[in-house]
Structure formats: structure tokens, C-alpha cells
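Asker: Handing you a structure now.
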There are 2 protein chains.
Amino acid sequence: MTESASKPRVGFIGLGIMGQSMAGHILAAGHPLRVYNRSPAKARGLIYKGAIGCATPAEVAASSDVIITMVGYPSDVEQVWLGPEGLIAHARQALLIDMTTSSPELARRLAAAAEQAGHMALDAPVSGGDVGAREAKLSIMAGGSQAAFDAALPILRLMGANIARLGQAGAGQHTKMSNQIVIASTMMGVCEGLAYARAAGLDASAVLQCIGGGAAGGFQLNVMGPRIVKGDFAPGFFIEHFLKDLGIALEQADQMKLPLPGLTLARQLYTELAEKGLARQGTQALFQHYVHGA
Amino acid sequence: MTESASKPRVGFIGLGIMGQSMAGHILAAGHPLRVYNRSPAKARGLIYKGAIGCATPAEVAASSDVIITMVGYPSDVEQVWLGPEGLIAHARQALLIDMTTSSPELARRLAAAAEQAGHMALDAPVSGGDVGAREAKLSIMAGGSQAAFDAALPILRLMGANIARLGQAGAGQHTKMSNQIVIASTMMGVCEGLAYARAAGLDASAVLQCIGGGAAGGFQLNVMGPRIVKGDFAPGFFIEHFLKDLGIALEQADQMKLPLPGLTLARQLYTELAEKGLARQGTQALFQHYVHGA
């Protein structure tokens, strides 16, 4: 891609920790960038570097060729895309990409509405956390038409290292749900194994060292395990956001009549932690369930 | 270590798939080897290669400096060590190593009895399965005195690549329990994530490819996941043996008054599978719980 004035104009809505990094890569690559965030303060850094701050999603939409949303909850996505000041009403033949982790059903509904209005749409949630966003190494799991995916790819490559199209609209969100479902019970296993080791009087670091290279090993044990052992529950990923994802996954599974008892249990334990005030700790704080009792 | 007639004489009791490989490495390293197995046919291969077949554990014990047990259940270990034809009664100042996955409490009891009779003892269960045993790359997690561990190390190195002493008698078994606890819920997460992907109409191989490199990734997802997707439920590790381990872990956790709801749930699901006749399938067959219904 050459540096030229003909680079697609990008709009970015939702400038949380991840959104700011992701939008920053797009700006750094030379795209004209318009940004919007509910609390405008979070747009300042990007505006300082050359982005154009907008007062509404509609203003972003009116002057962007590609518009990305990275907001909080499915209800936020719905509002930004479908609301009266929203993208679908105000964009002009744009490519709309939702990178929020959200509901597969909403993704299908948004894609249909977007296409009816002459836009292309993609659901493209990510995994890799704040570090992946900062280093442009996110995994990006996309759902939508091949044409929308091909059009989005040059922009997605500015943010991610492992980018795949998994199927039609909603498939990206479904894949992200599959990812979160695996993580939920895995984290439960990691916390239970380490709680057992501690209760048995073992040196938990030595146990991690010993079992991390074998059949128990993986990202959660080998990366989150040492944080648990140190008592470091700072958020890489907030429990309250994980709970949102697990809620969507369970709702979808219910609709498919697929009982997922491990996921159901993990959500229950996380809900209890959130009710105790730990919603803004990291997912590895599940360990505290086993230390302080249920 | 030089090849000489003064190499410690080793006895090996329990020649299942793993035991045969492990004993074979010891024989190949030039140790005089005595073997015993309840069904004598399984000793033939080793005897053909130069091992001496024995008719009882007592006969093994009487002429060995180091005696290893790798049998089925804690009751088998107890019988072989403490029975009238057992190791403790018949060995002569030997080093006794139990590599069976067994109860930490039994390990402590065996160590006390062995030491009282003038022997050294070690609990040293392994992880790594048939492949790890064949390639001498087992993880070996040991509990016992430093002296017993130091004495055992040259022999353990013939079988394993990652060998650690985690504490006094029972610590090896506790560490193995910690390992199995992590795996139990992790496997539940892997099976639920893949069952969800399939129910959502996704290409499960593409999903594995996409999520396996991120925060969901690990041995169970990346090695067992592809087998699940292919419908390959052949045993790397039998469900019935895993159930034994999970039972020991839960019993220990109960005694520590440590509730482990994930482990409890995983054991329940595996028990249901065993009752349906799947006890001799591999642990990844847990996936069938989600396909055929509970």
C-alpha cells in the first residue's frame, strides 16, 4: 500500500484501552482518521496525533469509507449502528466493521440492515487483550461476505496478526464465543489446581514449573498462573467484560438447546465474585473464590 | 555413568503400556533388571531382551537395589509394597519408588513403613502418557527425602526429561493431582467450545486454527482438539484411569475442606460416560457428552 491521499478514510468509534491502540495503528499507517468516544477526553491523544474528533457517530459516518466500532455492550453497538444518529443512517456506501465482542444474532441483524442500506458489514471481534492491541498482534475472527472481508483486510492487518474469516455474518462472534467458552472452564481448572497445590502445602511456583510443560500447560496456566501465585489480580481482561461474553455465549447455547454445564458453573462463580465487588479485577481473580470460600 | 557390572540392580513391577517402555529404557542403559507383572505374558518382551522374569514381587525385591512400581490402583500399590509377598518385607536396604498415580496419604504411609524397615522411598508419578514413556520424556514429580531423590535421579533420568522434587513423601502425588485437576476442567472447556462451534454451524477445524494460538490455546485444545474434530476418541489416556485420579483428587480436597466445583462437575460427566460404556475411550471422548446429550 502506497502512502497517498487516496487511502480510505477510516472512522473509529469506541476509544477504550484497546480501541485507542487499534485506532492509533490506523492513523500511523497514514489513513485520514475520524474518531468518536462517549467521553471525549479519551479522544484527545489521537486528536493530538492528527485524528479529527467528531461530536456524534453520524459525523464520523458521513465522512468515512470504513467505520469501525469497538464499544462496550451489544446495546451500545445497536445504538451506534441503528440509532437515529447512527452509522447505517448516515454513512455513504461504507464498510462497517464491528470489533466489539457482541451477540451473533445482533451481528446478523446489523449486516442485513447495513446491506439493505447499501453498505458492507463485517463482525470481527478480537482476542489478544491490551498487549495484542498495542503490538498490533490481535487475533481477529471475522464473519460476513467474502467481499466485505477482502475489503476490510488491509485495515484489519494494521491491527492483527492472525486474521480469519469463519463464515457469514455472525460467524466471527460465534468463534469468539467458542474462544471464551474454552477459556472459562480452563481458568476454573487452573484456579482449582493451584488452590489444591496451595492447600496441600506445596510450593505453587514449583508446581507450575513442573506441570506447565505437560498436558495441563497452556496460555491460562503458563501466563495467568504465575500472576495468580503472586496474588496479582490486576485486569488484563475485566471480570465484568468476561461476564458479558459468558452471558451471550450461554444465551446462544440455550437457543441451540446445547447444555454447557462447565460454562454455566464458571459464570455462576464469576457472578458471585462480581457481586462481592471484584468485577473490575482480572479474570484470574477467580482464584479468590477458592481462597476466601464461596 | 560408565557401563559396568556395578550398576544398581533394578526391579520393575507393573508392565502395562507405560511400564514396559520405562523398564525398557532402564534395561537398555545396562542395569541388571528383574521384572514382575500380574499377567506374565507382558514380561516376555523384556525377558527376551535380557531382563530376568520373577514369579513374585518378593523375588524382585530380594535381588534389587532399586525397585519401581507402576501398577493400577492404590490398592495394588498397597498390596505390592505392604503385602506378605511385598517389597518392604523382602527388599534389602533398597530404594523403593512408586511411579503409579496414587493417593498422597498412601505415599506417606508407604514411606514411613519403608523407612522403618531400613529402605528409602519416593513417590514419583509421571505425566506424558505412552508417547512420553516411549521417548523417555516423561515429566516426573517426586516426593520424599532429598537423599532418596538424589539416589533415584540417575534412574529417573533414564525415563524422564523434566524431573522435580516437590517436597516430602506425598508431594509427588499431590502435584500429580494438581495436574489432573487443571486438565479436568480444561478438557471440559475444550469440549464445550468445540461443541458450541459445531452447533453454531462453524467449521470446527478453522475455529481451532483461529483460537489455538491465543488465550484459549494449550495442550488440550491444540493436541486433543484436532482429535475431537476428527471423531478420534482412541485412548491416549483411558477415561477409567482418569476417573481413578479424579476420585483421589476429590477425596483429598474434601479432607482439606476445599470445594472444587469444576472438578466435581467434570468427574460427574466422566462417570456418566463410563456408565454408558466409554470407560476405555480416551479422555477427549468427553466431547460425546455434548453431542449425544447427557
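The values are calculated or read from the model by the stated rules, or taken from the named source; none is laboratory data. Quick caveat, the model's predicted, so the values are computed rather than measured. Using ideal geometry, Cβ is built from the backbone for each residue, glycine included, and neighbour counts are taken over all protein chains shown. Calculation scope for accessible area: heavy atoms of the full protein, side chains included, ligands and nucleic acids excluded. Shrake-Rupley method; radii C 1.70, N 1.55, O 1.52, S 1.80 Å.
Asker: Taking region B:96-126 on its own, how many of its residues are free of Cβ contacts under 8 Å to residues at least 60 places away in the same chain and part of a strand (DSSP E or B)?
Answerer: Final tally of qualifying residues: 7.
Asker: Looking at region A:151-159, is at least one residue more than 8 Å from chain B (Cβ to nearest Cβ), surrounded by fewer than 24 Cβ atoms within 10 Å (Cβ to Cβ) and at pLDDT below 95?
Answerer: No - not one qualifying residue is present in region A:151-159.
Asker: From the list B:V71, B:V60, which residue is more than 30 Å from B:Q255 (Cα to Cα) and among the β-branched types (V, I, T)?
Answerer: So the residue among B:V71, B:V60 that is more than 30 Å from B:Q255 (Cα to Cα) and among the β-branched types (V, I, T) is B:V60.
Asker: Can I ask one more? If you check A:P104 against the conditions, is it of a type outside the set (A, V, I, L, M, F, W, C), in contact with a His (Cβ under 6 Å, 6 or more places away or on another chain) and modelled with pLDDT of 95 or more?
Answerer: yes
Asker: Still on this structure, please answer the following. Kindly list the number of the only condition in (1) within 12 Å of chain B (Cβ to nearest Cβ); (2) buried (at least 18 other Cβ atoms within 10 Å of the Cβ) that fails for A:A285.
Answerer: The number of the failed condition is (1).
Asker: Residues of region B:29-48 being small (G, A, S) and closer than 22 Å to B:G160 by Cα, which ones?
Answerer: B:A29, B:G30, B:A43, B:G45
Asker: Going by the structure shown, is A:I239 at pLDDT 95 or above and either within 12 Å of chain B (Cβ to nearest Cβ) or open to solvent by 50 Å² or more (accessible area, probe 1.4 Å) (or both)?
Answerer: It is false that A:I239 is at pLDDT 95 or above and either within 12 Å of chain B (Cβ to nearest Cβ) or open to solvent by 50 Å² or more (accessible area, probe 1.4 Å) (or both).
Asker: Separate question: Within the set of pairs 6+ apart or on separate chains, which have a first residue in region A:129-142 that is without any contact (Cβ under 8 Å) to a residue 60 or more places away in the chain and assigned to a helix (DSSP H, G or I), a second that is crowded, with 18+ Cβ neighbours inside 10 Å and not charged (D, E, K, R), and C-beta atoms under 6 Å apart?
Answerer: A:G132/A:L138
Asker: Please identify the pairs in which a residue from region B:264-277 that is acidic (D, E) has its Cβ atom under 7 Å from the Cβ atom of a residue that is open to solvent by 10 Å² or more (accessible area, probe 1.4 Å) and not in a helix (DSSP H, G or I), counting only partners at least 6 apart or on another chain.
Answerer: B:E272/B:A294
Asker: Which of the following residues is farther than 30 Å from B:I248 by Cα, open to solvent by 10 Å² or more (accessible area, probe 1.4 Å) and facing chain A (nearest Cβ under 7 Å): B:A200, B:A204?
Answerer: From the options B:A200, B:A204, the qualifying one is B:A200.
Asker: Shifting gears a bit: State the number of residues belonging to region B:162-186 that are touching a residue at least 60 places away in the same chain (Cβ under 8 Å), open to solvent by 20 Å² or more (accessible area, probe 1.4 Å) and either within 7 Å of chain A (Cβ to nearest Cβ) or among the basic types (K, R) (or both).
Answerer: The qualifying residues number 0.
Asker: On the basis of being within 11 Å of chain A (Cβ to nearest Cβ), part of a helix (DSSP H, G or I), touching a helix residue (DSSP H, G or I) at 6+ places or on another chain (Cβ under 6 Å) and crowded, with 23+ Cβ neighbours inside 10 Å, does B:G189 make the cut?
Answerer: Considered against the rule, which asks whether it is within 11 Å of chain A (Cβ to nearest Cβ), part of a helix (DSSP H, G or I), touching a helix residue (DSSP H, G or I) at 6+ places or on another chain (Cβ under 6 Å) and crowded, with 23+ Cβ neighbours inside 10 Å, B:G189 comes out as yes.
Asker: Does A:V291 satisfy the condition of being surrounded by fewer than 18 Cβ atoms within 10 Å (Cβ to Cβ), within 12 Å of chain B (Cβ to nearest Cβ) and touching a residue at least 40 places away in the same chain (Cβ under 8 Å)?
Answerer: yes
Asker: If I ask for residues that are open to solvent by 40 Å² or more (accessible area, probe 1.4 Å) and among the β-branched types (V, I, T), which ones from region B:124-147 would you list?
Answerer: Answer for region B:124-147, where residues must be open to solvent by 40 Å² or more (accessible area, probe 1.4 Å) and among the β-branched types (V, I, T): just B:V131.
Asker: While we're here: Which residue, of A:Q268, A:Q220, is of a type outside the set (S, T, Y), within 23 Å of B:R267 (Cα to Cα) and in contact with a helix residue (DSSP H, G or I) (Cβ under 8 Å, 6 or more places away or on another chain)?
Answerer: After ruling out the rest, the residue left standing is A:Q220.
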